[in-house]
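Some notes on the structure that comes next.
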Amino acid sequence: MRSIPKWPGYFADEQGNIYSLKVRCWGDKPTQPRKLKPIISSGFGYHVVTLFRDGKSSQMKIAVLVLGTFVGPRPKGMWACHGSKGYLVDTLDNLCWNTPKHNALDRIRDGTMLTGEKNHNHKLNELQVRIIRKAYAWHGVNGLTTTQLAEIFGVTFPHINSILLRKTWKWLKS
């Protein structure tokens, strides 16, 4: 167990546990570190704990605290990335500082990247995207224009273009 840099009274271990020497009641004296209970953040779904410093609270990702404690400060432009054990395992052997691009590749590998119909903002499903690509591919031979496809599927012209140019749904083979 090591002291967390810039967070006096807090400690981390290599298993991803965070401890506090802070007292709960006024006048109590800390005797031994108390293990904090992590919660899953509503924003991204990572484990976080609430830490206090100078009378203010901060929700901190456990992965960032563990890496900062055992590996060192976050290098510029790097993110706390989880390995093959998944994004809910905050052990030191499952964490590293890496680029956002590497993090996106990990999310694809782990199946946690919200692509296609998994994304809550999706407007089309896989079948519709396949139909759009096939219908446009026949352009010139009784095919449909991008404007017609946009009207039929109730999306914008740029949305159809993004599908046809494989800027969106690029992983879908059709």
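Loosely packed, with under 12 Cβ neighbours inside 10 Å, at pLDDT 85 or above and assigned to a loop (DSSP other than H, G, I, E, B), is that true of K167? Taking the combined requirement at face value, the residue satisfies it.
Contact annotation: residue pairs with Cβ atoms under 9 Å, 6 or more positions apart or on different chains, pairing a residue in the stretch 94-106 that is in a helix (DSSP H, G or I) with a partner that is of a type in the set (D, E, K, R), are N94/K85.
Selection of the stretch 1-17 for residues being in a loop (DSSP other than H, G, I, E, B) and not aromatic (F, W, Y) yields M1, I4, P5, K6, P8, G9, D13, E14, Q15, G16, N17. Checking each residue of the stretch 117-124 against the condition of being more than 25 Å from F44 (Cβ to Cβ), open to solvent by 50 Å² or more (accessible area, probe 1.4 Å) and at pLDDT 75 or above gives no match. Determine whether K22 is free of Cβ contacts under 8 Å to residues at least 40 places away in the same chain, in contact with a Gly (Cβ under 6 Å, 6 or more places away or on another chain) and open to solvent by 80 Å² or more (accessible area, probe 1.4 Å). Spelling it out, K22 is indeed free of Cβ contacts under 8 Å to residues at least 40 places away in the same chain, in contact with a Gly (Cβ under 6 Å, 6 or more places away or on another chain) and open to solvent by 80 Å² or more (accessible area, probe 1.4 Å).
If you filter the stretch 1-19 down to residues that are under 17 Å from P73 (Cβ atoms) and either more than 26 Å from the chain's Cα centre (by Cα) or of a type in the set (K, R) (or both), you find that the one that is least open to solvent (accessible area, probe 1.4 Å) is S3. Residues in the stretch 42-60 that are open to solvent by 20 Å² or more (accessible area, probe 1.4 Å) and either part of a loop (DSSP other than H, G, I, E, B) or closer than 14 Å to P5 by Cα (or both): S42, G43, F44, Y46, F52, R53, D54, G55, M60. Kindly evaluate P75 against the criterion of being modelled with pLDDT of 95 or more, of a type outside the set (V, I, T) and either under 30 Å from K167 (Cβ atoms) or surrounded by fewer than 17 Cβ atoms within 10 Å (Cβ to Cβ) (or both). Considered against the rule, which asks whether it is modelled with pLDDT of 95 or more, of a type outside the set (V, I, T) and either under 30 Å from K167 (Cβ atoms) or surrounded by fewer than 17 Cβ atoms within 10 Å (Cβ to Cβ) (or both), P75 comes out as yes.
The values are calculated or read from the model by the stated rules, or taken from the named source; none is laboratory data. Please read these numbers as outputs of a predicted model, since none were measured by experiment. Please note: Cβ atoms are built from the backbone with ideal geometry, for glycine as well, and neighbour counts cover all protein chains shown. Accessible surface areas use protein heavy atoms only, side chains included; no ligands, DNA or RNA. Shrake-Rupley method; radii C 1.70, N 1.55, O 1.52, S 1.80 Å.
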